[in-house]
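The values are calculated or read from the model by the stated rules, or taken from the named source; none is laboratory data. Bear in mind that the values here come from a model prediction, so they are computed numbers and not experimental data. All Cβ positions, even for glycine, are placed from backbone atoms using ideal geometry, and neighbour counts span all protein chains on display. Remember, those area values only see protein heavy atoms, side chains included, never the ligands or the DNA or RNA. Shrake-Rupley method; radii C 1.70, N 1.55, O 1.52, S 1.80 Å.
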Amino acid sequence: MIKVENLHKSFGDHEVLKGIDCEIQSSEVVCVIGPSGSGKSTFLRCLNMLESITSGQVTVDGFNLKNKKTNINMVRTEVGMVFQQFNLFPHKTVIENIMLAPMKVRKISKNEAKERGLKLLKKVGLSDKANKYPSSLSGGQQQRVAIARALAMEPKLMLFDEPTSALDPELVGEVLEVMRQLAIEGMTMVVVTHEMGFAREVADRVLFMDEGIIMEEGRPDVIFSNPTSGRTKEFLDKVL
Amino acid sequence: MEGRFNWAGVIDFLPELGTGLYYTLLISIIGLIIGFVLGAIFGLGRISKNKIFYGISSIYIEVIRGTPVLVQAIWIFFALPLITGYNMASVTAGIIVIAVNSGAYIAEIVRGAVQSIAKGQVEAGRSLGLTHNQTMRYIVWPQAFKRMIPPLGNQFIISIKDTSLLSVILVPELMFQGRLIASNYFNAVEIYTTVAVFYLIITLTLSYILRMIEKRLDVQ
Ligand SMILES: Nc1ncnc2c1ncn2[C@@H]1O[C@H](COP(=O)(O)OP(=O)(O)OP(=O)(O)O)[C@@H](O)[C@H]1O
Ligand SMILES: [Mg+2]
């Protein structure tokens, strides 16, 4: 599904990603952990071209992102993204938030979009909020709407950038539950997170990033109980 | 005090003042509609990555904001015809002055409002596969427009008041008519007070309408 080879990314002279190699299979759930500033968000954002790639190769769902002929909007229809700050459209109701892209990008009818939206709202447990504006929802509810909005495009892959970091602790669980459900249904997911419990339980693989490279990767039980790198150990001691 | 001013006599001049009011409103409305279009175009120019579009927009905005309306009016009415060889009707010149002048200020309002929309909104739109134009149209513009309303209202009021300067290029607007009457009938106090009240009524009405619109939009 994703193949990344020797990915470098610089902002000006500041090199943030210093050669990332990784492959992610269909239906795999990969959690990315690491200290602040290590380039986790930048890596994720390169996967749907919210950041341009400085050098290296990135292939997502068969599209070569480095190729100028690749239609980036086509790629993005297959890649859903969920942001730390939810980024719901405040001038649109919950259901309108969800219906917009399927109608404008996938060109499905309004009725079909609405039906799909209501089904997704039911799935994330927010059927009663369809006609509310985002500002009247709690953070956890907003994030679940954001997930539903991304799913409405029927993507093959979902990217999550610290989806629970902006939430009050008591609201984290409801969002993680939705994500856990998605993982069980076989969605391919790349999740940048500080929720080690979630990573340990749901991830097929954990990537530990540090200073712009993938320092260590492996099955969660191995990484968490028996890390090989000193940096990983140090990081885990701090967060666990 | 009683007999010094003839306030009742103002009624006799209402037809002339009415003509003035008509031109004031005509020039304000047409001028501001064109000004809004110019503002939208050049406001987007100021955030455009196209260097030429950005450059032209910047020059336009800086030149207009850096010179007085009175100079712009006189230049367009008296100087421009000498360059182009075309004489303009004063009303046409007046509309151009208000349009070009308000356009520069509205461009800055548009730029500010569009830039105030969080980057995350654009990223959310683009990550859903919407094109740049779709993201602007469905996500950025509606939110930016809402934020533009208070400063736009402010600019509309300023421009309406600026139309009074067009009396120097012989536009028969409210101030021009007032001056004409006052200099013929020596009733400056009554006439200029009436003129001031007319302007006040226009601007207060506009303020009221804008407040209503803001309240409407705030319901969401
Ligand atoms: N648009 C940008 N322009 C310049 N520098 C940037 C930009 N985005 C990120 N950076 C820099 O890149 C580095 C990595 O940032 P990134 O957001 O990828 O880290 P992160 O691992 O996600 O950290 P966090 O856990 O704090 O979210 C940081 O030093 C950051 O300052
Ligand atoms: Mg980050």
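Converting phi to 3J(HN,Hα) with the Karplus coefficients 6.51, -1.76 and 1.60 and the offset θ = phi - 60°, the stretch B:199-208 yields 4, 4, 4, 4, 5, 5, 4, 4, 4, 5 Hz in sequence order, with x at every glycine or proline.
In peptide B:119-125, what is the residue-averaged number of other protein chain Cβ atoms found within 10 Å of each Cβ?
Working: counts 1, 6, 6, 2, 7, 13, 6.
Neighbouring Cβ atoms belonging to other protein chains average 6 per residue here.
Remark: the stretch B:59-76, residue by residue, has Karplus-estimated 3J(HN,Hα) of 4, 3, 5, 5, 4, 5, 6, x, 10, x, 4, 4, 5, 4, 4, 5, 4, 5 Hz, where x stands for each Gly or Pro and the curve is 6.51 cos²θ - 1.76 cosθ + 1.60 at θ = phi - 60°. Here the average projected area of the convex hull drawn through the C-alpha atoms of the protein assembly as shown stands at 30.7 nm².
For peptide B:128-138, how many partner chain Cβ atoms fall within 10 Å of a residue's Cβ, on average?
On the way: counts 17, 18, 7, 5, 1, 0, 5, 1, 0, 1, 8.
The per-residue average across the peptide is 6.
GNM remark for chain A: springs join alpha carbons under 10 Å apart, and the peak mean-square fluctuation among A:VAL192, A:VAL124, A:VAL32 falls on A:VAL124.
Using a/c under 1.5 as the rounded threshold, could you call chain A rounded, prolate or oblate? The axes a ≥ b ≥ c are square roots of the C-alpha gyration tensor eigenvalues, and prolate needs a/b larger than b/c, oblate otherwise. Oblate. Can you give me the relative contact order of chain B as a percent, contacts being Cα pairs under 8 Å and 6 or more apart? Here the relative contact order equals 30 percent. Averaging Cα coordinates gives a centre for the stretch B:164-178 and one for the stretch B:19-45; these two points are 17 Å apart. In this label model, B:PHE145 and B:ILE47 are separated by 1.5 nm, measuring between points 7 Å along each Cα→Cβ vector. A viscosity of 0.692 mPa s and a temperature of 37 °C, combined with the Kirkwood radius over Cα pairs in Stokes-Einstein, give a translational diffusion coefficient for the stretch B:1-128 of 187 µm²/s.
Each listed q (0.08 Å⁻¹) maps to a log10 I(q)/I(0) for the stretch B:15-217, found by the Debye formula over equal Cα scatterers with no solvent: -0.34.
Think of each Lys and Arg Cβ as +1 and each Asp and Glu Cβ as -1; about the Cα centre, that makes the dipole of the stretch B:15-217 roughly 940 debye. Averaging 1/r across all pairs of distinct Cα atoms in the stretch A:184-240 and inverting the result yields a Kirkwood radius of 11.8 Å.
Comparing A:VAL105, A:VAL178, A:VAL29 in a Gaussian network model of chain A, where Cα atoms under 10 Å apart are tied by springs, the biggest mean-square fluctuation is seen for A:VAL105. Comparing B:LEU128, B:LEU210, B:VAL168 along the charge dipole axis of the stretch B:100-220, the residue lying farthest to the positive side is B:LEU128, per the Cβ-charge model.
Each part gets one Cα centre, and for the stretch B:82-123 versus the stretch A:30-81 those centres are 40 Å apart.
In chain A, the DSSP-assigned H stretches of four residues or longer account for a calculated mean residue ellipticity at 222 nm of -11500 deg cm²/dmol, using -39500 (n - 2.57) per stretch and the full residue count as denominator. Farthest towards the positive end of the charge dipole of the protein assembly as shown, among the residues B:SER90, B:PHE53, A:MET187, is the Cα of B:SER90, using unit charges on the Cβ of Lys, Arg, Asp and Glu. Label sites at B:VAL168 and A:ASN111, each approximated as a point 7 angstrom past Cα along Cα to Cβ, lie 6.5 nm apart. For the listed residue pairs A:LYS119/B:LYS215; A:LYS66/A:LYS104; A:LYS92/B:LYS146; A:LYS92/A:LYS129; A:LYS40/A:LYS233; A:LYS114/B:LYS119, the alpha carbons are over 22 angstrom apart in A:LYS119/B:LYS215; A:LYS66/A:LYS104; A:LYS114/B:LYS119.
Mind checking how much accessible area A and B bury in total, 1.4 Å probe, in Å² rounded to 100?
On the way: alone 11260 and 12710 Å², together 22170 Å².
Chains A and B together bury approximately 1800 Å².
Its relative contact order, with pairs defined as Cα atoms under 8 Å and 6+ residues apart, puts the stretch A:1-108 at 24 percent.
By the rule of a C-alpha distance below 17 Å, with chain neighbours fewer than 8 residues away ignored, the aspartates and glutamates paired with A:LYS68 are A:GLU51. For the options A:PHE198, A:PHE160, A:PHE208, a Gaussian network treatment of chain A with springs between C-alpha atoms closer than 10 Å singles out A:PHE198 as fluctuating the most.
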